[in-house]
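The values are calculated or read from the model by the stated rules, or taken from the named source; none is laboratory data. Everything quoted here is computed from the prediction, not taken from an experiment. With ideal geometry, Cβ positions are generated from the backbone for all residues, glycine too; neighbour counts draw on all protein chains shown.
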Amino acid sequence: MSWEIYTIPELGPHLQNFMQIYEIHKIVECPDKKPKLKSKHDRICRFCKKQYPKVRFRKDAHVIPRLLGNRFLVSDFECDSCNEKFGRFENDLSDFIGITKTIFQTKGQNNKVPSFRAPNDVLTATRINAFNIQNSIEIRKKNVDDENLIINDSSGEITIKYPKRPYRPFNVYKAFLKIALSCIDDEDVINYCGAFNILTNGYMSESVKGLARIYKYSITVGGGKDKPLLFIYKKRNAWLNFPTYFFALHFQNSCYQFFPPFYRADKFVYDQDGAPYPICPPISTEPFPQDVKYNIECVDLSSGDLEKEDEETVVLKSGLNDVESIIGIDPVTRRQSTSKYSSDKIVGVILVPAKTVITFEE
Ligand SMILES: [Zn+2]
């Protein structure tokens with residue numbers, strides 16, 4: 001099968017290099033209805049290897065976490081006890097991801113958009129119905145002088161900066177690993193024993209801790225995906241000194257890249273820094289806007305300690321280049337303010353769906 005894919009214009013050569021080494025093996029999409037699954041009585045858990053009725057399969061086991069917006073992609077190979085255990089990793093994943101779940105209106109548990117609160121409420125994001133428009137998102141900072149929310153008058157960009165809620169990095173890594181191991185082919189389960197061990201025993205020795213890292217691309221919000229999409233790449237030549245499979249999870253405005261370690265046929269030596277491997281620029285089946293900006297970071301997720309110092313910056317592209325057209329809204333009454341808009345006096349912004357026309361009461 002062939003796919004027409006695009007990347008950020010300036011990363012074209014980078015994508016070409018990557019595609020010389022890897023090819024797309026599989027694309028995992030989130031469907032609009034549940035797939036047909038095996039009868040519960042015939043199920044075996046891929047993770048603990050136990051079979052019904054020793055373990056139960058009552059709960060929906062999401063292949064990609066519910067909190068990432070996957071509602072229907074569920075598996076028939078994850079028992080209730082493993083599901084419960086992985087749920088704890090997903091709580092850390094949720095705090096690691098932070099505010100974008102709310103900004104993108106990703107529906108999670110109970111099909112609701114979660115609210116977001118940074119520690120000490122320095123920044124909050126909530127879905128509201130304002131000006132008779134449903135599905136707006138209000139982002140507010142605690143104090144007018146705080147730098148958690150800044151509008152750049154000349155570019156129209158809105159920069160949001162906040163401390164993340166504390167999370168355990170190694171649990172976040174395991175949440176990603178679990179997604180990957182839920183999406184590998186059945187015949188490869190046996191080849192990934194080492195990776196399954198990390199997930200089920202929760203342990204990674206000091207000497208290979210460097211493997212517990214992921215690369216994260218983020219692009220300016222304005223583009224992005226409403227449902228997660230996972231690309232599984234396979235290296236074209238078995239003798240190449242790179243991981244056999246490589247995973248890229250596209251989610252909202254980010255793309256997380258990593259590989260499950262210890263694949264049986266991967267012969268290279270894993271060392272403390274992990275293994276060098278090529279990463280893929282963000283791709284899409286539609287062209288990216290010419291002016292899209294991106295950022296890439298390598299995130300070390302090897303620590304089992306609570307991370308309390310992590311900060312996140314999200315840039316929203318508002319398209320409001322004409323500052324004159326911005327109107328001020330009284331934060332209390334939510335009516336049009338009589339005073340003139342000034343970027344240093346804002347406490348919050350309200351994001352409304354694209355192409356919305358707002359009419360204010362007199
Ligand atoms: Zn299990």
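List of remarks:
- Extreme residue, nearest to Ser303 (Cα to Cα), among residues of segment 218-253 that are surrounded by 22 or more Cβ atoms within 10 Å (Cβ to Cβ) and among the hydroxyl-bearing types (Ser, Thr, Tyr): Ser218
- Just one of (1) near the ligand (Cβ under 10 Å from one of its atoms); (2) polar (S, T, N, Q); (3) modelled with pLDDT under 95 fails for Asn17. It is (1).
- Of all the criteria given as (1) assigned to a loop (DSSP other than H, G, I, E, B); (2) not assigned by TED's automatic domain parsing to the domain that holds Ile151, the one not satisfied by Val315 is (1).
- Here segment 72-108 is the region considered, the condition is being within 21 Å of Asp185 (Cα to Cα) and assigned to a loop (DSSP other than H, G, I, E, B), and the residue that is nearest to the ligand (Cβ to nearest atom) is Cys79.
- Across segment 23-60, the qualifying residues are those that are in contact (Cβ under 8 Å) with a residue 40 or more places away in the chain and either within 11 Å of the ligand (Cβ to nearest atom) or not in a strand (DSSP E or B) (or both), and the one among them that is surrounded by the fewest Cβ atoms within 10 Å (Cβ to Cβ) is Asp32.
- Checklist (1) charged (D, E, K, R); (2) at pLDDT 85 or above; (3) out of contact with any Leu (no Cβ under 7 Å at 6 or more places or on another chain) applied to Asp226, failing item: (2)
- Selected residue (only one of Ala175, Ala212, Ala195 is at pLDDT 95 or above and hydrophobic (A, V, I, L, M, F, W, C)): Ala175
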